[in-house]
Amino acid sequence: MLIIPSRINYFISHCLLKRTYQDWVNLKMKTTYIPPCRDNPVVTKLDDPIFHSLFTPELKILTELFKKQNYEIRVVGGAVRDILMGRAPNDLDFATDATPDEMKDMFEKEQIKMINNKGEKHGTVTARINDTENFEVTTLRIDMMPDGRHSHVVFTKDWKLDSLRRDFTVNSMFLDLEGNLYDYFFGFEDLQKRQIVFVGDPVVRINEDYLRIFRYFRFYGRISEQPDAYNEAAIAAIKANVQGLEIISGERIWSEWTKILSGNYAKELTLKMLECGIAKYIGLPENLNIKRFETVYDACKKENISLNTISYVALMLKEEDEMLNLHKRLKLSAFERDLALFLIRYVEPRPSEDLKFYKRLLVHWKGNTNNCKAFICELLKCKQLFDLAAEFEKFTLPRFPINGHELKKEIKKGKVIGVVIKKLKDIWLDSNFEINIEKLLQEVPRIVSEIEDNDVNKYKK
């Protein structure tokens, strides 16, 4: 049974073929391929501590409310997968056969507060119970006319159809609140085998949302026990459709990629994605420094050290312009952009292992010194100078004892003050920050004399 939302896009309801919206619904149902599935979807019943730990007082209230109104409600997606893997889920998502309007009526009658109504057009109603816990509950649905990024939602009462629209079999299972596990497309077996398999035809699933290319690798890193046991049909479909990433926003791509880079097999998965041809569609240049990326990743992994996710990407780049092009595509944060540019600028050649070189960078930094310190620590790790990184992390830069206002008393030409401060900071650094303000000020006449004898612009460079 299908429930059509009240607000329907004009283009869909009056499309080029002059079909009505219901015509499209009927056509969708007639042409939808249903892959092999179970006649009886209930494969097991859970009765373990992790399952029972889900039942907060608030969840019990929610459960009883749906039961009272004769609606079904089940846990869905990642939480089910995590529970089956023996992990306590971070959050719970719920699916129901109640429509959004039916849920709202139910919650209003029971005086349950509802928040964040932005999800209603997609079928999600968020209930806040006892002013303590939020529950996102989404109506069963199918996706009409997906374009690789978005789709138009039609609500349904059919749990199998909702399961069919999901990306991977391990994410398509439902768990009711009595412990019954519903699995239509053999996700339970795939999870036991620790393999990621698309629901149905992988080409169809990818064409519905090209971001699923990245999601395949992200979930592979979470599920698989081997770095190279890919599903051949999935990889073939990814290679054949990788160009679709062009229409996916950079923010969505980077959100998925950061999770890959911070998870298991980050190196192997990144190399596999590059083999699949993602580079030119996500802002990466053709000639990447793969060797440096592999070398640093392996060294950090051996020492159990993690880098910022953007650092792994920066290690593959050779020029700052390449980083700026990537930033334009992925819309990185200012911190990520500046860190990557810093690493590209200083990771080669390798300077002395003396911390003084890096302290000088910090002393003369024109900006947030906390960021600079973080950049330098990251740089030292990328250079595999792990002991120096640990030592520098403990270093606290003292406050420079002189400012421009104080120097105005000593210097008549204001344009040279910046040059004087730069040279005074070098003297301060060379003294290991121990020289006092009086002795620093005694250096000013000598520095000014040097400046007057030379071209001021030479010192400004």
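The values are calculated or read from the model by the stated rules, or taken from the named source; none is laboratory data. All values derive from a computational prediction rather than experimental measurement. With ideal geometry, Cβ positions are generated from the backbone for all residues, glycine too; neighbour counts draw on all protein chains shown. What goes into the accessible areas is simple: the full protein's heavy atoms, side chains included, and nothing from ligands, DNA or RNA. Shrake-Rupley method; radii C 1.70, N 1.55, O 1.52, S 1.80 Å.
Quick notes
- Residue satisfying all of: in region 112-125; within 24 Å of Trp159 (Cα to Cα) and in a strand (DSSP E or B); least open to solvent (accessible area, probe 1.4 Å) among these: Val125
- Single residue of region 398-425 satisfying the filter (open to solvent by less than 50 Å² (accessible area, probe 1.4 Å) and part of a loop (DSSP other than H, G, I, E, B)) that is nearest to Ala299 (Cα to Cα): Phe400
- Complete set of residues in region 80-91 that are buried (at least 20 other Cβ atoms within 10 Å of the Cβ) and within 18 Å of Thr56 (Cβ to Cβ): Val80, Ile83
- Subset tally (residues that are under 27 Å from Tyr230 (Cβ atoms), aromatic (Phe, Trp, Tyr) and not in a helix (DSSP H, G or I)) for region 175-191: 3
- Pairs are defined by a Cβ separation below 6 Å, a sequence spacing of at least 6 or placement on different chains, a first member in region 48-70 that is over 12 Å from Leu177 (Cβ atoms), and a second member that is acidic (Asp, Glu) and open to solvent by 30 Å² or more (accessible area, probe 1.4 Å); the pairs so defined are Glu58/Glu133.
- Residue-level check: of (1) assigned to a helix (DSSP H, G or I); (2) open to solvent by 60 Å² or more (accessible area, probe 1.4 Å); (3) small (Gly, Ala, Ser); (4) within 26 Å of Lys381 (Cβ to Cβ), Ser255 misses just (2).
- Restricting region 308-334 to residues that are under 15 Å from the mean Cα position of the chain (by Cα) and of a type in the set (A, V, I, L, M, F, W, C), the residue that is farthest from Cys382 (Cα to Cα): Leu330
- No other residue among Lys301, Lys328, Lys366 is more than 30 Å from Asn403 (Cα to Cα), without any contact (Cβ under 8 Å) to a residue 40 or more places away in the chain and surrounded by fewer than 16 Cβ atoms within 10 Å (Cβ to Cβ) apart from Lys301.
- Checklist (1) open to solvent by 10 Å² or more (accessible area, probe 1.4 Å); (2) in contact (Cβ under 8 Å) with a residue 60 or more places away in the chain; (3) under 19 Å from the mean Cα position of the chain (by Cα); (4) under 21 Å from Gly187 (Cα atoms) applied to Ile213, failing item: (1)
- Note on region 126-144: residues that are more than 28 Å from Asp209 (Cα to Cα) and buried (at least 22 other Cβ atoms within 10 Å of the Cβ) amount to 1.
Condition check ((1) under 16 Å from Gly179 (Cα atoms); (2) part of a loop (DSSP other than H, G, I, E, B); (3) β-branched (Val, Ile, Thr); (4) touching a helix residue (DSSP H, G or I) at 6+ places or on another chain (Cβ under 7 Å)) across all residues:
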| site | (1), (2), (3), (4) |
| --- | --- |
| Val43 | yes, no, yes, yes |
| Val75 | yes, no, yes, no |
| Val80 | yes, no, yes, no |
| Asp105 | no, no, no, no |
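- Residues that are open to solvent by 20 Å² or more (accessible area, probe 1.4 Å), acidic (Asp, Glu) and at negative phi are absent from region 160-172 altogether.
- With respect to being surrounded by fewer than 18 Cβ atoms within 10 Å (Cβ to Cβ), in a helix (DSSP H, G or I) and in contact with a helix residue (DSSP H, G or I) (Cβ under 6 Å, 6 or more places away or on another chain), Glu246 fits the description.
- Any chance Tyr21 is at pLDDT 95 or above, hydroxyl-bearing (Ser, Thr, Tyr) and either surrounded by 15 or more Cβ atoms within 10 Å (Cβ to Cβ) or at positive phi (or both): no
- Filter result (open to solvent by 40 Å² or more (accessible area, probe 1.4 Å) and over 22 Å from the mean Cα position of the chain (by Cα)) within region 369-380: Thr369, Asn370, Lys373
- The residue list Tyr281, Tyr265 contains one member that is under 23 Å from Ile235 (Cα atoms), in contact with a Pro (Cβ under 8 Å, 6 or more places away or on another chain), open to solvent by 20 Å² or more (accessible area, probe 1.4 Å) and among the aromatic types (Phe, Trp, Tyr), which is Tyr265.
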